[in-house]
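Every read-out reported here was derived from the displayed coordinates using simple, explicitly stated rules and does not represent laboratory data. Just so you know, these numbers come straight off a predicted model, no measurement behind them. Every residue, glycine as well, gets a Cβ built from its backbone with ideal geometry; the counts of neighbours run over all protein chains shown.
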Amino acid sequence: MTLESVNPASLGKPKGYSHGVLAPTGARVLFVAGQPGWDASEKGPTPGFVQQFARALDRVLAVVREAGGGPADIARMTVYVTDLNSYRVALEALGRVWRERFDRHYPAMAMVEVSGLVDEGAVVEIEANAVIGGAS
């Protein structure tokens, strides 16, 4: 199964995301609920921004793998952060975290700054859609 990136030249070349992703015929769509980078019930010190980003990605991937997919099956992702400046400052480290999990796969993505997340101490939450199976 191969997702097809849709990147119209008129929108400019995307870097680190795709403008759109087309699923193959017969595929199943998996909706992954928001996965926080920190769960308020966890013990110990609250991890920093990069660590929470990595943990949220790992939680998304755990759901996708449980459904029979992998990183390349993620078609859309929305990243919610409580501090956009923290994201910008950590771009290089976040890029390394991303490549360790996704290599050069870039789904359609959105980054949204929010005033807070449900889990106290959480600074990152990620929700996603994956496309599993189907004919290419």
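Any residue in region 17-44 that is on the phi < 0 side of the Ramachandran plot and among the small types (Gly, Ala, Ser) sitting within a Cβ distance under 6 Å of a residue that is loosely packed, with under 12 Cβ neighbours inside 10 Å and assigned to a loop (DSSP other than H, G, I, E, B)? List the pairs, counting only those 6 or more apart or interchain.
Ala40/Glu120
If I go through region 84-136 residue by residue, how many of them are small (Gly, Ala, Ser), out of contact with any Phe, Trp or Tyr (no Cβ under 9 Å at 6 or more places or on another chain) and surrounded by 14 or more Cβ atoms within 10 Å (Cβ to Cβ)?
Matching residues across region 84-136 total 2.
Do you know which residues across region 21-44 are of a type in the set (S, T, N, Q) and either surrounded by 14 or more Cβ atoms within 10 Å (Cβ to Cβ) or under 14 Å from Val118 (Cα atoms) (or both)? If you could, list the steps in order and put the result at the bottom.
From region 21-44, those of a type in the set (S, T, N, Q) are 25, 35, 41; that's our starting set.
Within region 21-44, Gln35, Ser41 qualify.
Need the failing condition index for Pro47 against (1) within 19 Å of Pro14 (Cα to Cα); (2) buried (at least 17 other Cβ atoms within 10 Å of the Cβ); (3) over 14 Å from the mean Cα position of the chain (by Cα), just the number.
Result: Pro47 fails condition (1) only.
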